[in-house]
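Participant: Handing you a structure now.
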Amino acid sequence: MKRVLVTGGAGFIGSFLCDALIEQGREVICLDNFFTGSKRNIAHLLGNHRFEMIRHDITLPILLEVDQVFHFACPASPVHYQYNAVKTIKTNVMGTINMLGIAKRVQARILLASTSEVYGDPQVHPQKEDYWGNVNPIGIRSCYDEGKRVAEALMMDYHRQNHVDIRIIRIFNTYGPRMAPNDGRVVSNFIIQALRNKDITIYGDGKQTRSFCYVDDLVDGVLRMMECQNFIGPVNLGNPNEFTILELAEQILEITGSSSKIRHLPLPEDDPTQRRPDISLAKERLNWEPTIRLHEGLLKTIAYFEELLSQGLIEPQ
Ligand code: NAD
Ligand code: UDP
């Protein structure tokens, strides 16, 4: 039985990862400071004797003995990572050094949850892993995208210099139940607005694109990458079906039967115009590709937010 550490385990993706690892019979230590994560996401695991929750900020060192580290701790939505930009950089730099320190000391394999944001506003479409990106180093997204680029560099240098066993994945926009209702991401925003019959806030003309991956598909890819031999990545994990933000809004309006109207607001600075993963490498090396279509994933996500709203668990806006 492998003992694994999941940093950011009380967050959206991390909590589904904890579920899957417990399901596999692992012993799971979840490390989280609850900045954007929530106790609700892991409440159902607390009684399990193979699950342990430690409230800890990864920018501070910690000693733990584990076989694998899934390193997911970092605020992920622009609203949350820009809230305290310096802290976001510290989490990516000092936090990643601390987790690499654990991996080095106990010879654990460590997987970094990096992001499609390392490609910035890409000039190559779709994005392959060998594209170096088009990132504004001094912009309002740089605490996150440059932060993750440094985290990737640290992973590679600990690998080359100290022979740490690493894996790097680049996650593209992922959605599903347990996304924080207040994180300002497009899927959660539109669903909550639609369910409340409030205006759907489209930033810019809505022609910018994203490719949305349902969380179950993503977690499957993460687990395959951790177990894959002789392949450290980086590898793109995401759904290659690309939609405009306007198309996403239309699908959500249709499913919810909402009477919301569309309202256009200014496009945030450095907002990427298009994004779609080339997943040939994941197909070839991990035999992985997403299976859940946007419509199906949206149905499950909408049901989750409907439940939260009915229980009064989403703050009025
Ligand atoms: P999330 O905000 O729900 O989860 C992040 C978790 O990390 C939260 O539980 C938060 O409390 C915790 N955390 C943040 N800073 C911490 C710190 N200093 N110490 C300890 N814990 C800390 O976000 P998510 O969508 O689940 O994203 C998880 C990871 O996946 C992140 O690293 C993110 O960059 C990456 N990612 C996500 C997406 C996506 O679309 N969701 C896309 C690309 C990459
Ligand atoms: N977006 C939008 N309305 C919202 C929230 C986001 O039009 O209420 C747009 C945003 O400008 C971006 C896209 O949706 O073009 C995805 O935004 P999100 O914050 O979800 O993710 P990211 O920009 O990091 O891919």
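None of the figures in this text is laboratory data; all of them are computed from the coordinates on show. What you see is a predicted model, and the numbers here were worked out from it, not measured in a lab. Cβ sites come from the backbone with ideal geometry, for glycine too, and all protein chains shown count toward neighbours.
Participant: Give me the number: length gained by fully extending E52 to E242, i.e. 0.36 nm times residue separation minus the C-alpha to C-alpha distance, one decimal in nm.
Facilitator: Between E52 and E242, full extension yields an extra 64.6 nm.
Participant: Above 33 Å lies some portion of the pair distances; for the chain, what is it as a whole percent of all C-alpha pairs?
Facilitator: Percentage above 33 Å: 20.
Participant: With N residues in the range 32-138, what two-decimal value do you get for its Cα radius of gyration over 2.2 N^0.38 Å?
Facilitator: Cα Rg divided by the expected 2.2 N^0.38 Å: 1.24.
Participant: Could you tell me which residue out of G95, A108, Q123 lies farthest along the dipole of the range 74-136 toward its positive end? Charges go on the beta carbon: Lys and Arg +1, Asp and Glu -1, centred on the Cα centre.
Facilitator: Value: A108.
Participant: Now for a different question. Which lysines, on any chain, are close to K148 with Cα under 30 Å apart, when same-chain ones fewer than 8 places away are left out?
Facilitator: Straight-line reach from K148, under 30 Å: K2, K39, K87, K90, K104, K128, K207, K283, K300.
Participant: Turning to a different aspect of this structure: If one takes the longest principal axis of the Cα atoms in the chain, at what angle in degrees, from 0 to 90 and to the nearest 10, does the Cα axis of helix 142-162 lie?
Facilitator: Relative to the chain, helix 142-162 is tipped by roughly 20 degrees.
Participant: Can you return the aspartates and glutamates within cross-link range of K261? Criterion is Cα-Cα under 16 Å, with same-chain partners fewer than 8 residues away left out.
Facilitator: D199, D205, E247, E250
Participant: Starting from the 7 Å offset along Cα-to-Cβ, what nm value, one decimal, do you get for the label separation of K2 and Q123?
Facilitator: 3.9 nm
Participant: Shifting gears a bit: Suppose every K and R has +1 on its Cβ and every D and E has -1 on its Cβ; what is the size of the dipole of the range 173-240 about the Cα centre, in Debye to the nearest 20?
Facilitator: On the way: 7 positive and 7 negative charges, 50 e Å.
Dipole magnitude for the range 173-240 comes out near 240 debye.
Participant: Pairs of alpha-carbon atoms within less than 8 angstrom and 6+ residues apart define the contacts here; what relative contact order does the range 166-317 have, in percent?
Facilitator: Computed over the range 166-317, the figure is 36 percent.
Participant: What is the dipole size for the chain, taken about its Cα centre, with +1 at each Lys and Arg Cβ and -1 at each Asp and Glu Cβ, in debye to the nearest 20?
Facilitator: That gives a dipole near 520 debye.
Participant: Now for a different question. Toward the positive end of the charge dipole of the range 19-106, about the Cα centre and with charges on Cβ (Lys, Arg +1; Asp, Glu -1), which of N84, P61, A43 goes farthest?
Facilitator: N84
Participant: Something else now. Using 17 Å as the cut-off for backbone N distance, which residues of the range 100-124 belong to the label zone defined by a point 7 Å from the Cα of E65 along Cα→Cβ?
Facilitator: Residues 102-109 qualify, since their backbone N sits under 17 Å from the label point.
Participant: Ignoring solvent entirely, what values of log10 I(q)/I(0) come out of the Debye formula for the range 118-216 at 0.23 Å⁻¹ when each Cα is a single scatterer?
Facilitator: -1.35
Participant: With the crude spin-label approximation of a point 7 Å out along Cα→Cβ, what separation in nm comes out for N287 versus N182?
Facilitator: Those two pseudo-labels are separated by 4.5 nm.
Participant: While we're looking at this one, here's another question. How far apart, in nanometres, would the label points at E306 and N84 be if each is projected 7 angstrom from Cα along the Cα-to-Cβ direction?
Facilitator: Simple spin-label model gives 3.7 nm for this pair.
Participant: Can you give the FRET efficiency for L299 and Q107, using 1/(1 + (r/R0)^6), R0 = 45 Å, r = Cβ-Cβ distance, to the nearest 0.05?
Facilitator: Result of the calculation: an efficiency of 0.55.
Participant: Specify the residue with the greatest mean-square fluctuation among Q82, Q161, Q251, computed from a Gaussian network of the chain linking alpha-carbon atoms under 10 Å apart.
Facilitator: Q161
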